[in-house]
1. Which of the residues that make up the stretch 272-294 are over 24 Å from the mean Cα position of the chain (by Cα) and outside any loop (DSSP other than H, G, I, E, B)?
2. Do you know which residues across the stretch 206-246 are of a type outside the set (S, T, N, Q), touching a residue at least 24 places away in the same chain (Cβ under 8 Å), in a strand (DSSP E or B) and more than 16 Å from Leu10 (Cβ to Cβ)?
3. Considering only the stretch 74-88, I want to know if a residue exists there that is touching a Cys at 6+ places or on another chain (Cβ under 7 Å) and more than 20 Å from Gly202 (Cα to Cα).
4. List the number of the failed condition for Leu147; all other conditions in (1) open to solvent by 20 Å² or more (accessible area, probe 1.4 Å); (2) in contact with a Gly (Cβ under 7 Å, 6 or more places away or on another chain); (3) within 25 Å of Gly202 (Cβ to Cβ) hold.
5. Taking into account only those residues within the stretch 129-144 that are among the acidic types (Asp, Glu) and surrounded by fewer than 16 Cβ atoms within 10 Å (Cβ to Cβ), which is nearest to Ala96 (Cα to Cα)?
6. Enumerate the pairs (first residue in the stretch 128-152 and closer than 19 Å to Gln443 by Cβ; second residue anywhere and part of a helix (DSSP H, G or I)) with beta-carbon separation below 6 Å, excluding pairs fewer than 6 apart on the same chain, so at least 6 apart or on different chains.
7. So in the stretch 156-205, with the set limited to residues that are in contact (Cβ under 8 Å) with a residue 60 or more places away in the chain, charged (D, E, K, R) and within 23 Å of Gln100 (Cα to Cα), which one is surrounded by the fewest Cβ atoms within 10 Å (Cβ to Cβ)?
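The values are calculated or read from the model by the stated rules, or taken from the named source; none is laboratory data. Keep in mind that this is a model prediction, so the values were computed, not measured. Here the Cβ positions follow ideal geometry from the backbone for every residue, glycine too, while neighbour counts run over all protein chains shown. With ligands, DNA and RNA removed, areas are computed over all heavy atoms of the protein, side chains included. Shrake-Rupley method; radii C 1.70, N 1.55, O 1.52, S 1.80 Å.
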Amino acid sequence: YLAKAGLDVLVLERRHVVGGACATEEIFPGYHVSTCSYVVYILQDKIVEDLALRKHGYDVHPLPMKRLFPFPDGRSLIFWNDTARTCREIEALFSAKDAQGYAQLQEFWYRAGTLFNRFFLAEPPTIAELQEMVRGTKDEALLDTLLHTTLSELVDDLFASEEVKAAAVSHIMAAKGMDEPGLLFAYAATKPNALTNPDNQGISVGGMGGLTGAMARSAQAAGAKIRCGAEVKRVLLEEGQAVGVELGDGQIIRSRIVISNADPKRTFLHLVGEEHLQPAVADSVRSLESACATLKFHAIVDELPDFSRFLGENPDPKLISTVGIGPTLSYYRKSIEDALAGRLTDCPVIDVQIPTVYDTSIAPEGKHIVSMWVRFLPVHPTEGSWADLRERVGNQLIDLMTEYAPNFRDSLIDWLVYTPADIEQRLHITDGNFRHTDHTASQLLAHRLFSRGGHRTPIPGLYMCGAGTHPGGDVSGAPGHNAAQRVLGDWQV
């Protein structure tokens, strides 16, 4: 956006590849793996169009389903993008109440997404301002529910079955437990995905780097320059204003505008330095919550995991493109409680993704990539360092996966685990937090970072454009879009 407006733009990337946590890497020879983010589900249509991403190589396999949920008793449930189809399956497997509850929940989240979508690509309001905006409208009750009803209360009211309750909460990050106030509000920040074009969402061809590679080519076509292997050591300040950066090799690059895509803690406490911050600013950055730790498991296999116990003989391989493991609400509660106590859990909540059932270009013929995203983990385990625990966790995940797909362990060619500490070390993301800071009611909309979402900072000339700014994490493109609009507005470009 800045290059298209005529600014002289230089992107400095520490690593050998652009994209940060949205990248494809050949971590096993011949296999191209989406190492952190793994699916496009909230990318904004405006950004696809404005940056001509299709022209620059972005392609995607749209998904007809959200995920498959297998249950230990051999039953399974698929959440389709088609709500009516999902309701029919829920009623046949569980109950009419569960089916009706699912339809009501989808409508609830659609309304929440519509509410948040007003501000997704714009300067956001405070919660108090939002409450005033909706006063006297049908959204007043909706917002009150988002802020004050607990997740447990919501699903207990809508569903009878523990399995459907578990599936319904399967993607909600709960750092402080399922009864955390404002958790529904926090999850609503991702629900503008319901208003995007499904043809732009799904499994990115070539892995998630297919998307960020297209963004890089779009930027270069507009005149931006990109340097990889260029680590920023510090932000240069003169008389309290950002005037450029110093690289790790000592090179000085001066600029009127510096924009950081690093997380807020790394940006202000390390690249700027606490000694250059007002005490209130340093305190506010240190107090940002970033406790939602996750890990990634990646494996290469010589045959697909066998889910025939749940799907019957010779099922469509695409039905296992995304699998959710977390069979009951009590299972979720135990996972979260263990994380809060600093323990490794025996109830890991997992999203399994097998992108090769759609995209055969990323692995040798007949071979597959199986990745797992595991949620609800302690940033700092009480049982030892993550380096000490890595092997144990990996084998635990393999054992659990083998309970659902009996051939899994025997099919393994190689595997590795990126713990929260590994993610922090590889990507320089504080606490390995993929959203930079947690999605909580007190860290969203105008409260995301500083005032009005954090794109402008208390340091003149320094802006923020990463997941730690409004509207938050996940691969939407929105934080960068919004940062660009603030810069262009401030500089009257």
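1. Taking the stretch 272-294 first, the residues over 24 Å from the mean Cα position of the chain (by Cα) are 272-283.
If the condition is that a residue be over 24 Å from the mean Cα position of the chain (by Cα) and outside any loop (DSSP other than H, G, I, E, B), then Val272, Gly273, Glu274, Glu275, His276, Pro279, Ala280, Val281, Ala282, Asp283 are the ones that fit.
2. Arg234, Leu237
3. Step one: list which residues in the stretch 74-88 are touching a Cys at 6+ places or on another chain (Cβ under 7 Å), which gives none.
The answer is no; no qualifying residue exists.
4. Failing condition for Leu147: (3).
5. Quick first cut of the stretch 129-144, residues among the acidic types (Asp, Glu) only: 129, 132, 139-140, 144.
Pick out the ones that are also surrounded by fewer than 16 Cβ atoms within 10 Å (Cβ to Cβ) and you get 129, 132, 140, 144.
On the way: Glu129: 39, Glu132: 38, Glu140: 29, Asp144: 28 Å.
It comes out as Asp144.
6. Partner pairs satisfying both residue conditions: Leu143/Val134; Leu146/Leu184; Leu146/Phe185; Leu146/Ala188; Leu147/Phe185; Leu151/Leu183.
7. The residue in question is Glu162.
One line per residue, one yes/no per condition, for (1) touching a helix residue (DSSP H, G or I) at 6+ places or on another chain (Cβ under 9 Å); (2) farther than 18 Å from Lys191 by Cα; (3) surrounded by 14 or more Cβ atoms within 10 Å (Cβ to Cβ); (4) aromatic (Phe, Trp, Tyr):
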{"site": "Leu12", "(1), (2), (3), (4)": "no, yes, yes, no"}
{"site": "Ala23", "(1), (2), (3), (4)": "yes, yes, yes, no"}
{"site": "Val40", "(1), (2), (3), (4)": "yes, no, yes, no"}
{"site": "Lys55", "(1), (2), (3), (4)": "yes, yes, no, no"}
{"site": "Met65", "(1), (2), (3), (4)": "yes, no, yes, no"}
